[in-house]
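The values are calculated or read from the model by the stated rules, or taken from the named source; none is laboratory data. All values derive from a computational prediction rather than experimental measurement. Glycine gets a Cβ as well: all are built from the backbone with ideal geometry, and neighbour counts include every protein chain shown. All accessible areas refer to the heavy atoms of the entire protein, side chains included, with ligands and DNA or RNA removed. Shrake-Rupley method; radii C 1.70, N 1.55, O 1.52, S 1.80 Å.
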Amino acid sequence: MSTNLTRNFSIIAHIDHGKTTLSDRLLEYTNTISDRQKQDQLLDAMDLEREKGITIKSHPVTMHYRAKDGKTYKLNLLDTPGHVDFSYEVSRSLAACEGAILIVDAAQGVEAQTLANMHLAMDQGLTIVPVINKIDLPSANLPGVYRQLEDVVCIPREEAIKASAKTGVGIEDILEAIVTRMPPPRESEDNLLRALVFDSVYDAYRGVVSYVRVVSGQVKRGMRVRLFATDETYEVKEVGVFTPKMQRTDTLETGDVGYIIANMKSAADVKIGDTYTDTANPCKEPLAGFKEIHPMVFSGIYPVDSSDFEALKAAMAKLQINDAAFTYSAESSIALGFGFRCGFLGLLHMEIIQERLRREFNMDVISTYPSVIYEVTRTDGEEMLVDNPSILPEPQEIQEIREPLVRVFIMIPGDYIGDVMQLILEKRGAVEHTETIDDTRVMITGTLPLAEILVDFNDKLKSMTRGYGSMDYEHAGYRAANLIKMDMMIAGEPVDAFSMIVHRDKAESRGRELATKLKDVIPKQLFTVAIQACIGGKIIARESISAMRKNVTAKCYGGDVTRKRKLLEKQKEGKKRMKAIGRVNIPQEAFIRVLKSG
Ligand code: GTP
């Protein structure tokens, strides 16, 4: 079958530039969704996505468009997540396309993620159709955006399509550009089945659904297929396309985007980026670019109520079925009891998982301070990976510790360049170069330890640039650093939940900061409580909480009974939610507050 009338494309944009709104307009214009089906932002199906305004999972859709040349084209739109945590999913989706629509907000102009996503698209050799969206806004600055397109991304202004996803202006021009500027999928030469998996989801009724782009050959129900990464074979139960609902078809052919359902148990059985081939007549090599994704950020997640452990375990298993990038394994903490060490792609991914545990599974959880994964060479030559401060060997057993680095791209108004450079230095980073984007903005490229951008870097950047700064990052390997483990002792007992791996130069200030915070959140006990930060047994910071007076009602002079009772009840209530560490009772909120604010 000819692929001449098929176009596969993605939409890429900086967050909030209008990708979801534009996708919806395209679906409406091609009558892919009827008004009744329509809800605002149809493509963002998950509640949480809608609330956070971000696209997490890619949802492909097949549309039919009758072009000005009189022919009807099949257009497959592959949605891509906009956030850097999911850049692996972005590049997989792009690998399934020939073209990409690059949206730039007419008022905001080119931003950090516009560039990052455009580089991903260019790496895949895609044809880019630039669209300037939101031209209806009074603050739209077309001449400025044209200049940025030409100067920063080397796209001639004549190529850009002016549009408003809100009012519908330019939608037909975009569809025509998809048909006329983007190439059709390449015909296959040997006709052997090669289907690229660019996503997979778990459906409670149908099991694992793999989203595929058929690069060559064809796949149909009843065929036996093999996956390269696991070397497992499966029988195909169903194939189909997205309209956007899943719709069964007889076959998927070269150039098609659709889904395959085989008899798999968990989303982890199929790896994103892998290739399906025909067991009877296999291709020799998988499609390029298969790479396993590894979590980069780790944190302990513990049930607030320890009797919820089994329920939490079941919830995590369910989450993983749908999200192979999320990992978990059981661990225990002296302070927090039994829980799990979890791995995430980044901080946003971590936040989403925690939020889903709360909302979808009604779990009340405490998470420990996020950590990155360290490479450690021991003095006996053994190499190990450390994702949890508690398993770091003793200092005398360590020859070298290496930490993960990221290359950051930060776009800011030029006025703030001094402050932002200072922030990068404070976070142990280095500026590689700065580039002028236009009259008002500069782009800083630099390298930073991943651990330093984990907690508050983006917030600091936003507040010091009054919200105008934007950043993106990519992983940039490992580098040796002078890192040590810092422990916290409360009344002489080490509290493992507060241990962290820090740079030696920062240990003292971090220790002091944490000790002060703990002093504020731990209530007075019947005796004086010492809070100490130590490195290898040596105390580097110390605070103490003075003993309280025995009778909590003593200060309620005047004998107001209700007030007294309230106070006693409050004390009782407080006791229930305390963790006893040695002789000291620490309220759960203390863990949450201290760990949260870094
Ligand atoms: P992410 O999924 O978070 O990356 O965002 P997005 O790029 O999908 O942006 P979305 O479509 O959610 O649009 C962001 C905001 O811009 C929403 O409030 C839209 O209503 C608004 N918006 C989108 N297109 C237009 C437009 O053409 N004009 C105006 N005035 N507003 C628009």
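Tally the residues that are among the aromatic types (Phe, Trp, Tyr) and in a strand (DSSP E or B), restricting the search to the stretch 349-393.
So the count comes out to 1.
Condition first: touching a residue at least 24 places away in the same chain (Cβ under 8 Å) and on the phi > 0 side of the Ramachandran plot. Now tell me which residues in the stretch 211-257 satisfy that.
Gly217, Gly255
Give me a count of the residues in the stretch 1-17 that are open to solvent by less than 10 Å² (accessible area, probe 1.4 Å) and within 14 Å of the ligand (Cβ to nearest atom).
Result for the stretch 1-17: 5.
So, in the stretch 106-139, of the ones that are within 13 Å of the ligand (Cβ to nearest atom) and open to solvent by 30 Å² or more (accessible area, probe 1.4 Å), which residue ends up nearest to Ile444 (Cα to Cα)?
Ranking the candidates gives Gln108 first.
Every residue, every condition in (1) under 32 Å from the mean Cα position of the chain (by Cα); (2) under 30 Å from Thr277 (Cβ atoms); (3) away from the ligand (no atom under 16 Å from the Cβ), yes or no:
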{"position": "Cys154", "(1), (2), (3)": "yes, no, yes"}
{"position": "Ala165", "(1), (2), (3)": "yes, no, no"}
{"position": "Asp173", "(1), (2), (3)": "no, no, no"}
{"position": "Thr180", "(1), (2), (3)": "no, no, yes"}
{"position": "Glu187", "(1), (2), (3)": "no, yes, yes"}
{"position": "Asp190", "(1), (2), (3)": "no, yes, yes"}
{"position": "Arg194", "(1), (2), (3)": "yes, yes, yes"}
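Just checking, does the stretch 79-92 include any residue being part of a loop (DSSP other than H, G, I, E, B), at positive phi and not aliphatic (A, V, I, L, M)? Explain how you work it out, then say what you get.
Residues of the stretch 79-92 that are part of a loop (DSSP other than H, G, I, E, B), as a first pass: 79-83.
Adding the requirement that they be at positive phi leaves none.
Within the stretch 79-92 (the criterion being part of a loop (DSSP other than H, G, I, E, B), at positive phi and not aliphatic (A, V, I, L, M)), the answer is no, since none of the residues qualifies.
Can you go through Arg213, Arg181, Arg157 and tell me which one is open to solvent by less than 80 Å² (accessible area, probe 1.4 Å) and not acidic (Asp, Glu)?
Within the list Arg213, Arg181, Arg157, the selection yields Arg213.
So which residues in the stretch 483-539 are of a type in the set (Val, Ile, Thr), modelled with pLDDT of 85 or more and either at positive phi or in a helix (DSSP H, G or I) (or both), if there are any at all? If you could, list the steps in order and put the result at the bottom.
Looking only at the stretch 483-539, we keep the residues that are of a type in the set (Val, Ile, Thr), and these are 484, 490, 495, 501-502, 516, 521-522, 528-529, 531, 535, 539.
When the remaining residues are screened for being modelled with pLDDT of 85 or more, the result is 484, 490, 501-502, 516, 528-529, 531, 535, 539.
Result: Thr516, single match.
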